[in-house]
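Notes follow the structure.
The values are calculated or read from the model by the stated rules, or taken from the named source; none is laboratory data. Because the structure is predicted, anything quoted here is derived from the model rather than measured. Positions of Cβ are generated from backbone atoms using ideal geometry, with glycine treated the same way; all protein chains shown enter the neighbour counts.
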Amino acid sequence: MTQQGLCQLPCNTSCLIKELPACPLLEGLGISVGSKVCIKQKSPWKGPVVVETKGRREVAIDYAIASQFVVEEVSHHVVSR
């Protein structure tokens with residue numbers, strides 16, 4: 001798998017975090033290098049990116065910070081309604 005930026009992936013994509021910006025609050029939110037997150041929502045006009053951590057907590061991350069994440073895609077789920 002190739003590494004890319006978190007903001008470049010579509011919603012409902014699970015990914016493994018490879019690199020993070022220097023932001024001490026991320027670890028307190030359950031986001032650290034090696035953790036798995038799922039992109040739940042991407043707001044338009046460079047708004048926040050919502051990710052699900054540890055299968056239960058959803059966290060909104062500012063686009064400027066989320067764009068600095070380097071991730072590796074694990075899987076892409078198509079949600080049917």
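Residue by residue, here is whether (1) over 21 Å from residue 2 (Cα atoms); (2) at pLDDT below 95 holds:
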{"site": "19", "(1), (2)": "no, no"}
{"site": "27", "(1), (2)": "yes, yes"}
{"site": "33", "(1), (2)": "no, no"}
{"site": "43", "(1), (2)": "yes, yes"}
{"site": "46", "(1), (2)": "yes, yes"}
{"site": "55", "(1), (2)": "yes, yes"}
{"site": "68", "(1), (2)": "no, no"}
{"site": "71", "(1), (2)": "no, no"}
{"site": "78", "(1), (2)": "no, yes"}
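With respect to the conditions (1) under 12 Å from residue 11 (Cβ atoms); (2) over 11 Å from the mean Cα position of the chain (by Cα); (3) free of Cβ contacts under 8 Å to residues at least 60 places away in the same chain, residue 57 falls short on a single one, namely (1). Right, residue 51: aliphatic (A, V, I, L, M) and within 12 Å of residue 6 (Cβ to Cβ) or not? When the stated conditions are applied, residue 51 passes them.
For the residues 65, 39, 17, the requirement of being touching a Leu at 6+ places or on another chain (Cβ under 9 Å) and assigned to a helix (DSSP H, G or I) singles out 65.
Checked against (1) part of a helix (DSSP H, G or I); (2) over 10 Å from the mean Cα position of the chain (by Cα); (3) closer than 17 Å to residue 76 by Cα, residue 7 passes all but a single condition, namely (2).
From 33, 49, 71, 37, grab the single residue that is surrounded by fewer than 17 Cβ atoms within 10 Å (Cβ to Cβ) and on the phi < 0 side of the Ramachandran plot. After ruling out the rest, the residue left standing is 33.
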